[in-house]
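Colleague: Got a structure here, written out as structure tokens. Questions coming.
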Amino acid sequence: MKLLRELPQVDKFIKYKEFESYSPKLVGQIAKEVITNTRNEILEGKRTTLDKSDLIQEVIKQYEELITPSLQEVINATGVIVHTNLGRSLIEPEMFDKAKTIATSYNNLEYDLKQGKRGERYSHITKVLQQLTGCEDAIVVNNNASAVFLVLNTFAKNKEVIVSRGELVEIGGSFRVPDVMAQSGAVLKEIGTTNKTHRADYENAINDNTSMLMKVHKSNYSIEGFTSEVGFEEVVKVAQDKNLIDYYDMGSGHMIDLPYGLDLKEPSILKYMEHKPSLMSFSGDKLLGSVQAGIIIGKKELIQELKKNQLLRMLRVDKITLALLEENIKSILLGNINEIPTLRMLLTSTDVLNQRALELQNSLKDICNTSIIQTQTVIGGGTTPNQKIPTVALSLEFKNYKPNKIEKLLRSSNLVGRIENDKFLLDFRTINPKDLKKIEEIIKNTIGNK
Ligand SMILES: *Cc1c(COP(=O)(O)O)cnc(C)c1O
């Protein structure tokens with residue numbers, strides 16, 4: 001076993017000058033593993049030669065892999081604006097700078113600067129939300145899933161919650177309305193059928209143990225054909241006639257009128273608020289275009305009840321979330337929706353997208369064949385199920401590569417596009433114009449002119 005004797009000792013090995021600029025502790029840990037593995041390979045007869053420089057290279061390779069950030073920047077050229085796998089909504093850098101001040105200094109998170117005593121964490125966001133939506137009060141939790149859980153647990157523990165069968169949805173990442181309800185302690189009372197639910201179904205299901213009429217946004221599916229559902233404004237009426245709570249888990253929730261006729265099927269939060277509902281909740285990072293959060297707005301006495309639930313302590317949000325949300329709501333309040341990337345992308349005209357496509361096409365003309373395609377995409381994130389919006393894409397064609405090979409190569413350089421009709425596309429609906437040069441370089445470097 002001559003090879004075994006040639007294996008370096010860890011403490012001597014890590015002193016090699018090749019490791020000079022690395023952390024000795026981490027090099028030591030990795031070197032120990034590499035040397036142990038190599039020893040086992042020798043004993044098992046899997047290795048017949050030993051080269052110290054290979055060992056050094058292996059340690060450096062593993063070291064570099066470990067310290068490269070796992071969470072990385074990606075260019076979203078899929079056209080899906082609220083892309084759940086790619087981080088949903090983006091924060092504008094200038095808006096982030098305002099939150100940075102709060103995160104990097106002491107602040108009045110729970111301190112009333114006027115009175116000089118303990119203040120309320122949620123007060124910072126309540127004022128702007130009241131002004132924008134006309135709600136009486138508001139609270140913010142970790143995400144919309146926790147908002148649903150908190151509402152049900154607070155008002156419907158061991159009590160019945162009436163929900164239409166057509167709304168018992170499962171949303172990506174295994175959020176199932178019936179299961180969440182069971183976990184919260186609420187008793188589900190299903191009404192109607194998959195395709196049809198009527199006002200009378202709600203009325204007939206109400207009994208002494210009913211606490212709430214709940215409506216859930218269908219998010220990732222839609223029913224076509226012979227259907228009828230009861231709008232939230234009508235659910236509000238039925239509930240308030242009977243002194244019950246009405247609650248809409250709106251899912252995405254948006255504060256503006258959506259373009260491309262989407263507003264007909266998907267009214268804004270502001271429209272629903274005209275009917276003075278008891279409670280509504282929605283995500284902070286879907287069409288609101290801010291940070292991960294669940295926002296609950298509605299009647300003051302109900303929000304006060306939510307604040308008394310011990311669960312809130314586990315679901316509460318921190319100062320960074322509150323700072324970002326406050327800025328986001330303020331931008332909407334001031335009509336500056338251009339400061340919200342999600343909404344800006346949604347509202348960019350196809351003419352502007354066309355110009356950007358032309359610019360990239362021009363810069364790639366010596367590299368590959370391209371064509372500009374007028375097509376459609378979706379907003380995503382369960383915001384507007386089955387609804388398409390217009391977009392412009394650039395298809396890339398290389399002599400020696402099929403579309404799925406192009407997709408894979410670019411993806412490994414963090415440029416994610418999509419394949420449509422057997423063509424690889426870069427969709428300008430989600431491409432930040434400041435990334436055009438970067439995209440050109442990635443294509444040049446990963447595929448070149450093959
Ligand atoms: C997305 C969604 C949720 C979950 O919201 P998160 O912010 O992802 O926790 C709950 N309900 C509906 C209807 C949704 O669309």
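Colleague: Quick check on the stretch 190-202. Is at least one of its residues within 16 Å of the ligand (Cβ to nearest atom) and either in a strand (DSSP E or B) or touching a residue at least 60 places away in the same chain (Cβ under 8 Å) (or both)?
Modeller: Checked the stretch 190-202: no residue is within 16 Å of the ligand (Cβ to nearest atom) and either in a strand (DSSP E or B) or touching a residue at least 60 places away in the same chain (Cβ under 8 Å) (or both).
Colleague: Can I ask one more? Could you check how many residues of the stretch 153-180 are outside any strand (DSSP E or B), at negative phi and away from the ligand (no atom under 12 Å from the Cβ)?
Modeller: Number satisfying all stated conditions: 9.
Colleague: Checking residue 88 against (1) free of Cβ contacts under 8 Å to residues at least 12 places away in the same chain; (2) at positive phi, which test does it fail?
Modeller: (1)
Colleague: In this structure, is residue 52 under 22 Å from residue 317 (Cα atoms), touching a residue at least 24 places away in the same chain (Cβ under 8 Å), surrounded by 12 or more Cβ atoms within 10 Å (Cβ to Cβ) and not assigned by TED's automatic domain parsing to the domain that holds residue 394? It would help to see each step written out before you state the result.
Modeller: Numbers: under 22 Å from residue 317 (Cα atoms): no; touching a residue at least 24 places away in the same chain (Cβ under 8 Å): yes; surrounded by 12 or more Cβ atoms within 10 Å (Cβ to Cβ): yes; not assigned by TED's automatic domain parsing to the domain that holds residue 394: yes.
Judged against the criteria, residue 52 is not a match.
Colleague: A follow-up question, please. Could you list, in sequence order, the residues of the stretch 402-414 that are surrounded by fewer than 22 Cβ atoms within 10 Å (Cβ to Cβ) and touching a residue at least 12 places away in the same chain (Cβ under 8 Å)? Write out each step before concluding.
Modeller: If we filter the stretch 402-414 for residues that are surrounded by fewer than 22 Cβ atoms within 10 Å (Cβ to Cβ), which is where we start, we get 402-405, 407-409, 411-414.
Listed by number, the residues that qualify are 403, 404, 407, 409, 412, 413, 414.
Colleague: For a quick check of your reading of the model, give me the residue pairs whose first member lies in the stretch 283-295 and is farther than 18 Å from residue 384 by Cα and more than 9 Å from the ligand (Cβ to nearest atom), whose second is polar (S, T, N, Q) and part of a loop (DSSP other than H, G, I, E, B), with beta-carbon atoms closer than 9 Å and at least 6 apart or on different chains.
Modeller: 291/89
Colleague: Right, another one. Look through 399, 434 and report the one residue that is surrounded by fewer than 20 Cβ atoms within 10 Å (Cβ to Cβ) and either modelled with pLDDT of 95 or more or in the same structural domain as residue 223 (by TED's automatic domain parsing) (or both).
Modeller: Exactly one residue qualifies, and that residue is 434.
Colleague: Another question, then. In the stretch 351-408, which residues are within 16 Å of the ligand (Cβ to nearest atom) and either among the small types (Gly, Ala, Ser) or farther than 30 Å from residue 264 by Cβ (or both)?
Modeller: 380, 381, 382
Colleague: Show the residue pairs meeting these rules: Cβ distance below 6 Å; 6+ apart or different chains; first residue within the stretch 246-259 and in a loop (DSSP other than H, G, I, E, B); second residue charged (D, E, K, R) and within 9 Å of the ligand (Cβ to nearest atom).
Modeller: Hits for this filter: 252/286.
Colleague: Assess whether residue 301 counts as being touching a His at 6+ places or on another chain (Cβ under 8 Å) and either free of Cβ contacts under 8 Å to residues at least 12 places away in the same chain or closer than 20 Å to residue 88 by Cα (or both).
Modeller: No: the conditions fail for residue 301.
Colleague: Return the residues of the stretch 154-166 that are surrounded by fewer than 19 Cβ atoms within 10 Å (Cβ to Cβ) and either touching a His at 6+ places or on another chain (Cβ under 6 Å) or under 21 Å from residue 221 (Cβ atoms) (or both); say none if nothing qualifies.
Modeller: If the condition is that a residue be surrounded by fewer than 19 Cβ atoms within 10 Å (Cβ to Cβ) and either touching a His at 6+ places or on another chain (Cβ under 6 Å) or under 21 Å from residue 221 (Cβ atoms) (or both), then 165 is the only one that fits.
Colleague: Answer yes if at least one residue in the stretch 131-138 is part of a loop (DSSP other than H, G, I, E, B), more than 30 Å from residue 357 (Cβ to Cβ), touching a residue at least 12 places away in the same chain (Cβ under 8 Å) and of a type in the set (Asp, Glu), and no otherwise.
Modeller: yes
Colleague: May I ask you to list pairs of residues, at least six apart or on different chains, whose Cβ atoms are under 7 Å apart, with the first in the stretch 71-84 being more than 20 Å from residue 423 (Cβ to Cβ) and the second being of a type in the set (Ser, Thr, Tyr)?
Modeller: Listed by first residue and then by second, the contacts come to 81/342; 81/430; 82/89; 82/342; 82/383.
Colleague: Right, next: Which ones in the stretch 312-326 are crowded, with 16+ Cβ neighbours inside 10 Å, more than 21 Å from residue 338 (Cα to Cα) and in contact with a helix residue (DSSP H, G or I) (Cβ under 6 Å, 6 or more places away or on another chain)?
Modeller: 315, 319, listed by residue number.
Colleague: Of a type in the set (D, E, K, R) and surrounded by fewer than 12 Cβ atoms within 10 Å (Cβ to Cβ): which single residue out of 92, 58, 64, 41 fits that description?
Modeller: Details: 92 fails: surrounded by fewer than 12 Cβ atoms within 10 Å (Cβ to Cβ); 58 fails: surrounded by fewer than 12 Cβ atoms within 10 Å (Cβ to Cβ); 41 fails: surrounded by fewer than 12 Cβ atoms within 10 Å (Cβ to Cβ).
One residue alone meets the criteria, 64.
Colleague: Out of curiosity, is residue 358 buried (at least 19 other Cβ atoms within 10 Å of the Cβ) and not polar (S, T, N, Q)?
Modeller: no
Colleague: Are any residues in the stretch 211-229 β-branched (Val, Ile, Thr) and either crowded, with 21+ Cβ neighbours inside 10 Å or within 12 Å of the ligand (Cβ to nearest atom) (or both), and if so, which ones?
Modeller: 216
Colleague: Something else: Among the numbered conditions (1) assigned to a helix (DSSP H, G or I); (2) of a type outside the set (D, E, K, R); (3) touching a Leu at 6+ places or on another chain (Cβ under 7 Å), tell me where residue 50 comes up short.
Modeller: (1)
Colleague: Moving on to the next point. I need the full set of residues from the stretch 376-401 which are under 20 Å from the mean Cα position of the chain (by Cα) and among the β-branched types (Val, Ile, Thr), in order please.
Modeller: Correct list: 377, 378, 379, 383, 384, 389.
Colleague: What's the number of the condition residue 134 fails, among (1) surrounded by fewer than 23 Cβ atoms within 10 Å (Cβ to Cβ); (2) at pLDDT 95 or above; (3) within 24 Å of residue 385 (Cβ to Cβ)?
Modeller: Result: residue 134 passes all but (3).
Colleague: Got at least one residue in the stretch 267-282 being of a type in the set (Gly, Ala, Ser) and within 13 Å of the ligand (Cβ to nearest atom)?
Modeller: Within the stretch 267-282, the first condition is being of a type in the set (Gly, Ala, Ser), and the residues that meet it are 268, 278, 281.
When the remaining residues are screened for being within 13 Å of the ligand (Cβ to nearest atom), the result is 281.
Yes: the stretch 267-282 contains one or more residues that are of a type in the set (Gly, Ala, Ser) and within 13 Å of the ligand (Cβ to nearest atom).
Colleague: Please go through (1) outside the structural domain of residue 437 (by TED's automatic domain parsing); (2) free of Cβ contacts under 8 Å to residues at least 24 places away in the same chain for residue 320 and return the number of the only condition it doesn't satisfy.
Modeller: Just one mismatch for residue 320, condition (2).
Colleague: Right, another one. In the list 284, 261, 192, 253, which residue meets the criterion of being in the same structural domain as residue 149 (by TED's automatic domain parsing) and under 15 Å from residue 164 (Cβ atoms)?
Modeller: 192
The values are calculated or read from the model by the stated rules, or taken from the named source; none is laboratory data. Everything numeric here is computed off the predicted structure, so don't read it as measured data. FYI the Cβ positions are ideal-geometry reconstructions off the backbone, even for glycines, and counts take in every protein chain you see.
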